[in-house]
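The values are calculated or read from the model by the stated rules, or taken from the named source; none is laboratory data. Since the model is a prediction, treat every value here as computed from it, not as a measurement. Neighbour counts run over all protein chains shown; Cβ positions are idealised from the backbone, glycine included. The accessibility values were calculated without ligands, DNA or RNA, using every heavy atom of the protein model including side chains. Shrake-Rupley method; radii C 1.70, N 1.55, O 1.52, S 1.80 Å.
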Amino acid sequence: MTPGVPLLFSAACLLGGVVCGPRRARTWLALTLAGAAGALGAALLVLGGAPDWEWRHGFAVGGETLHFRLDGLSALFLALLGLVAGTGAIYAQEYWPEAHYPASAPGGRSWWCGLVLGMGLVLVSANGLHFLIAWELFTVCAFFLITLDRQRREVRKAGWLYLAASHAGTVCLFAFFATLAARTGSWEIGPLRGRLDCAPLFWLALAGFGVKAGLFPLHIWLPAAHAGAPSHVSAILSAVAVKMGVYGLIRFSGWLPAPAAAGWVVTGLGAVSALFGIAFALAQNDLKRLLAYCTVENVGIILTGLGAAMLGAAHGDAPWGRLALAGALLHVWNHGAVKALLFFGAGSVLHATGTREMSRLGGLWRAMPWTASLFALGAVAIAGLPPLNGFVSEWLVCLGLFDAATRPGPSAWAATPAAMVLAVAGALALATFAKAAAIVFLGAARTRSAEHAHECGALMRGPMLALAALCLALGLAPVWFWPAIARAAGAWNPAWAGREPPAPLAILGPLQGMLALLAVAAAAGLWWKSRANGWRRGLTWDCGYAHPSARMQYTSGSFAGIAAGWFGWLLRPERRIRRPRGPLPAAASWMERVPETVLERVLGPAGRALLRLSSAARRLQHGRVQAYILYVVAGLLAVGTLVLLGGMP
Amino acid sequence: MTLILDLLPRFALWFVLAPLLPGIINKVKAWVAGRRGPPVLQLYYDLARLWRKGVVLSTLASPGFVFGPAVAWVAVMGAALLLPLGPAGGAPGFRGDMLVLIYLLALARFGTAWAAMETGSAFEGMGVAREVSYAVLAEAALITAMLALCVQTGSTSLAAMLAPAAGADAALLAAGLFVVLLAENCRVPFDDPNTHLELTMIHEVMVLDHSGPPLAVILHGASVKLLLFALLLTEAVLPVGKLAPGVAAAALAGGVLAVTVGAGLVESLLARLAFRRVPLLLTTAFLLCLFALLMAWKGGA
């Protein structure tokens, strides 16, 4: 079967979903699931070995005839889109039901289909103009989904910030596609590896797609939007929408000849994003903001891999470049699956307790065992620990970097620091997710709402289980997924096509499986032994303190204190401290907030300074004719003086 | 099958020999202080006793309280089995296994951290926060040391990296790795295994609430980790891979003994550092490894 059939079916279903979304919830769900399945099926067909799908039609949109193409690279992203679109739609049934949100749920359904349709079109468009139209479509749909809960002020603010930042990026993309079309004489996009004159355009693409991808320091919109949006929307934003920017970067770094410095810059930006993203994540006290900053980190890892691949391609298609690219591509899937799982888990916590503030939670494992264990699995995976999937892709990227570092040559100078930064980022990610999972789910409940939490229902649990199963499969049997990755890598650089997996990957799979098996066996064995020896429950020992209370536990802020302190120069936490004073101290308090530094300390002041300058300039315009005449005379005199002095011909 | 036959004796070796090291350190400390000290085999007795004892669980703890130590132990054991023993051969040596080793140690850290956070005790929270934070710097130093070895040998598999002797940078690398060993295993000057003041501890405070078999598993895992770092340091410096099997085994044993005695001497002669100095020392270790890396680069060019 040609992939076109499921694709057209999927598009028709999604269009139907847009139309019937507001009225018929059940029909909408069926259509969305069918659409997601169609997209997934088409992508899997191509990744499984079907030839690239190409389709032209004389029908013109905006003066350009239709031209669609689905190759290995776009299929890789399309599969992720289908997966998250389907699971998210099921999740939303329980998370954002019409009974609780009569005003926003119906519209939300239509926007969901619009978003999925827009992203799908971005992936299959082979025409620059249609790419831009689809890009705008999904950007706008995402705006309405982010602001579903628009009664809250912070959500409206986050939505506007997202819209403004996205359009700043879109401006760059307009310039990029228009210049490309002007140079090549056609809006069609495709491999242009020989057109060396197009190389500088890569910088425009980097800026435009970098905003969407959340590359540091262009990530300013990301934390607020992810935190404010409903959780199923956060999941698709982080797992797929952000990846559209990554897709653009991978796509056009493969199709266009890259400037000589591009590999260096992308590696460097990726490493910086990874390190700073995770440093910000560690310091957050809001669970969803923490996950959002972690997205910045993971995009950084992907782009480090891409940068190394570009360096490898520039140095005679070195094999280590292929490893790094494979790692980056696999990380797109891994991060997509894990982050959707984690946002679903965070949504489940929010659903049950009504707060995202980690220091108000705690001890949730008792009430929510499913959510707790699935979130823990996601935490292990995203921290890049074996035997789960995050490790496989990080390992491939790191292996590529290490291989590059051991070969003499200029690429070693980029690869060595990048490998060190990724190692530090990995250790910080461990700290971040040990904190997130432990503060939220372990210990004692810190507030009443955490005490009265309840487990989520089957419709929220099912999608999480499916994603967790995928994470396990990706981790334990990476070789199964290798043909798909190899296909996508071949679409990026034909010299790296070839289906055989790199030798170490074939060993890693069984090794991970063995590790998982042994871990489960050891856990079961220790459990059995402890029970056989006899156990009794008692108060936490706490060095003999007889009345430990939930408020005495370590909080999210105190947990992160040491490592976040090292990044104080970057994070600039705002503290409001009231210390206890005197022999009978009054109430004391300590409040700490980590601002979005780039937005609040750089862009904000710069914007305000610009506004001040502008309003100062407005004083010149006051309507007094005498003064205007004075301006003219002064101007004339100045020009005259210049001429007299011979400054001008 | 052959793989399992190869792994089993090595597993047994690690399993049996590891608890010896803390005993040696304690003996050295006692000797320096002029005491008789506990027997060298004390940890074996402790482990055997703990394994038979019952367990007290915190009312707050979930099953993860028991699963965490088990996972951590498996991870440390896995990392140990990845380490080649000179001519005795490495297990499934493959490209990039040194990254697997580092990440397995990270998994072990996650397991113990998870178990410690189960109790909701502020002391344990404090210990975990310190453990995961200092690990950031220790991991940077460790990966830099690995990079130096990789650059030196042009390989990314442990068996090839650790076979030849370290070059001119051996002293730098040894010093850096020794500091990492002290930090990762929570020895003086980073942590004091003998202290009884909870506010000043890292590792000990994380296991305050553990008892019985889970505590035995944690203590055994910690001793395996100590042996792992001592062996890594020895193999990084000595040309173990170039020696005859008998000589290599003697060299490994001697090296591990020297490192262990060194740790004991450090413990006897130094005081624990103030916590705000800890990052400084770890950064120094990182710099030592970085200079080793630069020297390796210079040597290769």
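Please indicate, with yes or no, whether at least one residue in the range A:542-559 is under 24 Å from A:Phe433 (Cα atoms) and aliphatic (A, V, I, L, M).
For the range A:542-559, residues under 24 Å from A:Phe433 (Cα atoms) and aliphatic (A, V, I, L, M): present.
For the range A:342-371: of the residues being small (Gly, Ala, Ser) and over 18 Å from A:Glu94 (Cβ atoms), which is least open to solvent (accessible area, probe 1.4 Å)?
For the range A:342-371, the residue satisfying everything is A:Gly362.
For residues that are surrounded by fewer than 19 Cβ atoms within 10 Å (Cβ to Cβ), among the hydrophobic types (A, V, I, L, M, F, W, C) and either farther than 28 Å from B:Leu99 by Cβ or facing chain B (nearest Cβ under 7 Å) (or both), tally how many sit in the range A:519-548.
9
Here are the criteria: (1) under 25 Å from B:Val100 (Cα atoms); (2) within 14 Å of chain B (Cβ to nearest Cβ); (3) in a helix (DSSP H, G or I); (4) touching a helix residue (DSSP H, G or I) at 6+ places or on another chain (Cβ under 8 Å). Tell me which single one A:Ile439 does not satisfy.
So the condition that A:Ile439 fails would be (1).
State all residues of the range A:74-117 that are within 18 Å of the chain's Cα centre (by Cα) and more than 22 Å from A:Phe343 (Cα to Cα); if no residue qualifies, say none.
Answer for the range A:74-117, where residues must be within 18 Å of the chain's Cα centre (by Cα) and more than 22 Å from A:Phe343 (Cα to Cα): just A:Ser74.
Given (1) surrounded by fewer than 15 Cβ atoms within 10 Å (Cβ to Cβ); (2) in contact with a Lys or Arg (Cβ under 9 Å, 6 or more places away or on another chain), where does B:Leu280 come up short, assuming only one miss?
Going through (1) surrounded by fewer than 15 Cβ atoms within 10 Å (Cβ to Cβ); (2) in contact with a Lys or Arg (Cβ under 9 Å, 6 or more places away or on another chain) one by one, B:Leu280 breaks only (2).
Quick one: in the range B:32-47, which of the residues that are exposed (fewer than 15 other Cβ atoms within 10 Å of the Cβ) and without any contact (Cβ under 8 Å) to a residue 40 or more places away in the chain is farthest from B:Ala222 (Cα to Cα)?
Checked the range B:32-47; the qualifying residue farthest from B:Ala222 (Cα to Cα) is B:Gly34.
Looking at (1) farther than 30 Å from B:Leu137 by Cα; (2) among the aliphatic types (A, V, I, L, M); (3) open to solvent by less than 80 Å² (accessible area, probe 1.4 Å), which is the one condition that is false for A:Leu630?
(3)
Checking A:Val265 against (1) at pLDDT 95 or above; (2) under 30 Å from A:Phe144 (Cα atoms): exactly one of these is not met. Which one?
For A:Val265, the failing item is (2).
Working only within the range A:486-515, note down all residues that are more than 12 Å from chain B (Cβ to nearest Cβ), open to solvent by 50 Å² or more (accessible area, probe 1.4 Å) and assigned to a helix (DSSP H, G or I).
Scanning the range A:486-515 gives A:Arg487, A:Pro494, A:Ala495.
Take the range A:212-232 and flag every residue that is in a helix (DSSP H, G or I) and either surrounded by fewer than 24 Cβ atoms within 10 Å (Cβ to Cβ) or small (Gly, Ala, Ser) (or both).
Once the filter is applied, which keeps residues that are in a helix (DSSP H, G or I) and either surrounded by fewer than 24 Cβ atoms within 10 Å (Cβ to Cβ) or small (Gly, Ala, Ser) (or both), the range A:212-232 yields A:Ala213, A:Ala224, A:Ala225, A:Ala227, A:Gly228, A:Ser231.
Which is surrounded by 24 or more Cβ atoms within 10 Å (Cβ to Cβ) and under 14 Å from the mean Cα position of the chain (by Cα), of B:Val76, B:Val132?
It is B:Val76.
Write out, first by first residue and then by second, each pair whose Cβ atoms fall under 6 Å of each other, whose residues are 6+ apart or on separate chains, and whose first residue, in the range A:579-599, is on the phi < 0 side of the Ramachandran plot and open to solvent by 100 Å² or more (accessible area, probe 1.4 Å) while the second is outside any helix (DSSP H, G or I) and of a type outside the set (A, V, I, L, M, F, W, C).
Once the first residue is on the phi < 0 side of the Ramachandran plot and open to solvent by 100 Å² or more (accessible area, probe 1.4 Å) and sits in the range A:579-599, its partners that are outside any helix (DSSP H, G or I) and of a type outside the set (A, V, I, L, M, F, W, C) give A:Met591/A:Arg576; A:Arg593/A:Glu574.
One residue is enough: does the range B:20-31 have a residue meeting the conditions surrounded by fewer than 16 Cβ atoms within 10 Å (Cβ to Cβ) and outside any helix (DSSP H, G or I)?
Scanning the range B:20-31 turns up no residue that is surrounded by fewer than 16 Cβ atoms within 10 Å (Cβ to Cβ) and outside any helix (DSSP H, G or I).
B:Ala12: within 22 Å of B:Met201 (Cβ to Cβ) and surrounded by fewer than 20 Cβ atoms within 10 Å (Cβ to Cβ), yes or no?
no
In the range B:87-105, is there at least one residue being at the interface with another protein chain (Cβ under 7 Å from one of its Cβ atoms) and touching a strand residue (DSSP E or B) at 6+ places or on another chain (Cβ under 7 Å)?
Within the range B:87-105 (the criterion being at the interface with another protein chain (Cβ under 7 Å from one of its Cβ atoms) and touching a strand residue (DSSP E or B) at 6+ places or on another chain (Cβ under 7 Å)), the answer is no, since none of the residues qualifies.
Kindly indicate which of B:Thr112, B:Thr119 is under 26 Å from B:Phe65 (Cβ atoms) and either more than 10 Å from chain A (Cβ to nearest Cβ) or open to solvent by 10 Å² or more (accessible area, probe 1.4 Å) (or both).
Answer to the check: B:Thr112.
May I ask you to say which residue of A:Val424, A:Val392 is surrounded by 24 or more Cβ atoms within 10 Å (Cβ to Cβ) and either more than 21 Å from the chain's Cα centre (by Cα) or over 22 Å from A:Val233 (Cα atoms) (or both)?
Matching residue, one of A:Val424, A:Val392: A:Val392.
Does the range A:135-188 hold any residues that are of a type in the set (S, T, N, Q) and either touching a Gly at 6+ places or on another chain (Cβ under 6 Å) or at positive phi (or both), and which are they?
Within the range A:135-188, A:Thr147 is the sole residue that qualifies.
Kindly list, by first and then second residue, each pair from a residue in the range A:182-199 that is in contact (Cβ under 8 Å) with a residue 40 or more places away in the chain to a residue that is open to solvent by less than 80 Å² (accessible area, probe 1.4 Å) and among the charged types (D, E, K, R), limited to pairs with Cβ atoms under 6 Å and residues at least 6 apart or on different chains.
A:Trp187/A:Glu64
Here is a list: B:Leu142, B:Leu158. Which entry is more than 9 Å from chain A (Cβ to nearest Cβ) and touching a residue at least 12 places away in the same chain (Cβ under 8 Å)?
Only one candidate qualifies: B:Leu158.
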